[in-house]
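Reading through the structure tokens given below for one structure.
The values are calculated or read from the model by the stated rules, or taken from the named source; none is laboratory data. Everything numeric here is computed off the predicted structure, so don't read it as measured data. Cβ placement follows ideal geometry from the backbone for every residue including glycine, while neighbour counts extend to all protein chains displayed. SASA here: full protein model, heavy atoms, side chains in, ligands and nucleic acids out. Shrake-Rupley method; radii C 1.70, N 1.55, O 1.52, S 1.80 Å.
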Amino acid sequence: MSVPRRPLGPGGPEVPVLALGSWNTWDRMDFDDAVSLVARAAELGCAFFDVAHYNMGPHAENARTDLIFGRAVREAGLARADWRFCGKLWLWDYPATGFTQQMETSLERVGVESADLVVVGDYVGDLDVERVVTDVAEQIEAGRFTTWGVNNWRYEDLRAALDVARERGLVPPSFAQLKYGLVRRSMAEGRYYAPLFESGDLALQASDVFEGGILVGNLRPNRKIGADVGGIRERVADAYPRVRELAESLGATPAQVGIAFCLANPATANVLVGVSRQAQLEDNAGAVALLDRVGAAALREAVADLWLDRDVAPDGSW
């Protein structure tokens, strides 16, 4: 079995529909298991790794996950051409901590000369969009990556970034990494981002699909998980029995249903999963077969009642 590919937005590369995230992931497993996981991802055709350097800004975590990943991918014997590296550029201390410094630090820690793509992270307050687009273009010109996307940006700033890039002949963002899944759909499917996806201006990269593990049965995660926008986490946990029941009726697992739902949206280029065991990766890959067997329209109809944040209407950002 090989995981299929989809384009990561206009001008973006073809990427596997299943990709591995890194937040609190690589440092949660034995190193030998990490090596095996990297190698198996390559065998399945989903060697796409979202790997960030988290030790900066107000949310610094003193994490080693990027260092561990770099060691693991080398130990697994993967040639650089055999895997895609998606990095992060943070706006927490920008522009005081510029993109050149961030990229040099990140690339050195992972042990590579360049990334394939990056995500420019979320922010609080006003953003000098033109400066960000220009600084990203400088990194592309320097050969540090070729494709970029955004994470939870306000719609007006994202629209401005697209316009500035096109007016100045620079590379525009081609995808948006958003929290998206069975229970939280408002940002990706709402009136701000959805038209950009439908027009083909952007592709969707789905993240936090399982709500920190809640939707696969870990109802009380003992680690830091994503933001609870709209304060619906208790309702999310209450929804798990329904997810499990639905999965059983489809001859699938809750994880497969969650991933297949995201892939049923034609805007979705790929889904980031935070697996820490090879068995989880094997299970997650089964979402492709589930979607093929059930069909996108039938699957979306089956899970329609699970949409919990209909009344949480973000303005294009969290």
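Any idea which of Ser249, Ser276 is hydroxyl-bearing (Ser, Thr, Tyr), within 28 Å of Glu14 (Cα to Cα) and either surrounded by fewer than 16 Cβ atoms within 10 Å (Cβ to Cβ) or within 22 Å of the chain's Cα centre (by Cα) (or both)?
Of Ser249, Ser276, the one residue that is hydroxyl-bearing (Ser, Thr, Tyr), within 28 Å of Glu14 (Cα to Cα) and either surrounded by fewer than 16 Cβ atoms within 10 Å (Cβ to Cβ) or within 22 Å of the chain's Cα centre (by Cα) (or both) is Ser276.
Each row is one residue, and each column tells you yes or no for (1) closer than 19 Å to Ala279 by Cβ; (2) of a type in the set (Gly, Ala, Ser).
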{"site": "Pro4", "(1), (2)": "no, no"}
{"site": "Gly11", "(1), (2)": "no, yes"}
{"site": "Glu14", "(1), (2)": "no, no"}
{"site": "Val35", "(1), (2)": "yes, no"}
{"site": "Ala41", "(1), (2)": "yes, yes"}
{"site": "Val51", "(1), (2)": "no, no"}
{"site": "Arg64", "(1), (2)": "no, no"}
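So, in the range 23-50, exactly how many residues are of a type in the set (Val, Ile, Thr) and modelled with pLDDT under 95? Let's see the steps before the verdict.
So in the range 23-50, the residues of a type in the set (Val, Ile, Thr) come out as 25, 35, 38.
Imposing the further condition that a residue be modelled with pLDDT under 95 reduces the set to 25.
Counting residues in the range 23-50 that are of a type in the set (Val, Ile, Thr) and modelled with pLDDT under 95 gives 1.
Condition first: surrounded by 17 or more Cβ atoms within 10 Å (Cβ to Cβ) and of a type outside the set (Gly, Ala, Ser). Now tell me which residues in the range 148-158 satisfy that.
Trp148, Val150, Asn151, Asn152, Trp153, Arg154, Tyr155, Asp157, Leu158
Specify the residue that is surrounded by the fewest Cβ atoms within 10 Å (Cβ to Cβ); the eligible residues are those in the range 170-192 that are modelled with pLDDT under 95 and over 20 Å from Ile259 (Cα atoms).
Ranking the candidates gives Arg191 first.
For residues that are among the acidic types (Asp, Glu) and either open to solvent by 50 Å² or more (accessible area, probe 1.4 Å) or in contact with a Pro (Cβ under 6 Å, 6 or more places away or on another chain) (or both), scanning just the range 66-121, find the one that is nearest to Gln205 (Cα to Cα).
Out of the qualifying residues, it is Asp82.
Using the structure shown, decide if Gly12 is surrounded by fewer than 18 Cβ atoms within 10 Å (Cβ to Cβ), under 19 Å from the mean Cα position of the chain (by Cα) and within 28 Å of Thr268 (Cβ to Cβ).
On the way: surrounded by fewer than 18 Cβ atoms within 10 Å (Cβ to Cβ): no; under 19 Å from the mean Cα position of the chain (by Cα): yes; within 28 Å of Thr268 (Cβ to Cβ): yes.
Answer is no for this residue.
In the range 228-306, which helices (runs of 4 or more DSSP H) lie fully inside it and hold 3 or more residues that are charged (D, E, K, R)?
Qualifying helices (runs of 4 or more DSSP H): 233-249, 278-294.
Suppose the filter is under 20 Å from the mean Cα position of the chain (by Cα) and within 15 Å of Gly21 (Cβ to Cβ); does Leu263 pass it?
Spelling it out, it is not the case that Leu263 is under 20 Å from the mean Cα position of the chain (by Cα) and within 15 Å of Gly21 (Cβ to Cβ).
Does Glu138 meet the test of being in contact (Cβ under 8 Å) with a residue 24 or more places away in the chain, more than 18 Å from Val51 (Cβ to Cβ) and not polar (S, T, N, Q)?
Yes, satisfied.
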